[in-house]
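Peer 1: Below you will find the structure I want to go over with you.
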Amino acid sequence: MPYSPVPADLARELEKQGAIVPRYYVTKTYCINCAIYLGILKVRAEDERKRRISLTKAPVRRETITAPPVTKPAQTQAPATSTSQNTQGAPAKP
């Protein structure tokens with residue numbers, strides 16, 4: 001709920017002239033009885049209360065979105081130099 005320290009009619013006039021009027025968002029916490037009395041919550045039937053569905057959150061999409069696989073750039077390998085005179089491709093012994 002936005003809150004402005006400036007009265008609404010004065011804020012409109014100031015905004016017409018190009019001024020920026022700050023608005024602050026205030027989070028208020030109410031008990032269940034007060035929220036129902038103020039009309040923030042509605043009284044629901046017993047079976048609706050047991051469903052545990054949040055009234056404020058949007059439903060979550062169950063579709064899975066797959067991203068294309070990430071390919072690594074090809075790495076160039078330098079030819080291995082061996083200290084031994086082995087020419088048949090067998091690994092050199094340290």
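Every number in this text was worked out from the coordinates using simple rules, so none of it is lab data. Since the model is a prediction, treat every value here as computed from it, not as a measurement. Cβ sites come from the backbone with ideal geometry, for glycine too, and all protein chains shown count toward neighbours.
Peer 1: Given an 8 Å cut-off on Cα distances and at least 6 residues of separation, report the relative contact order of region 2-49 as a percent.
Peer 2: On the way: 23 pairs, mean separation 15.5, N = 48.
Rounded, it is 32 percent for region 2-49.
Peer 1: Let's test the formula: R0 of 35 Å, r as the Cβ-Cβ distance of Glu46 and Val26. What FRET efficiency results, to the nearest 0.05? Before the final figure, lay out the partial values.
Peer 2: Values: r = 33 Å, r/R0 = 0.94.
E(calc), rounded to 0.05, equals 0.60.
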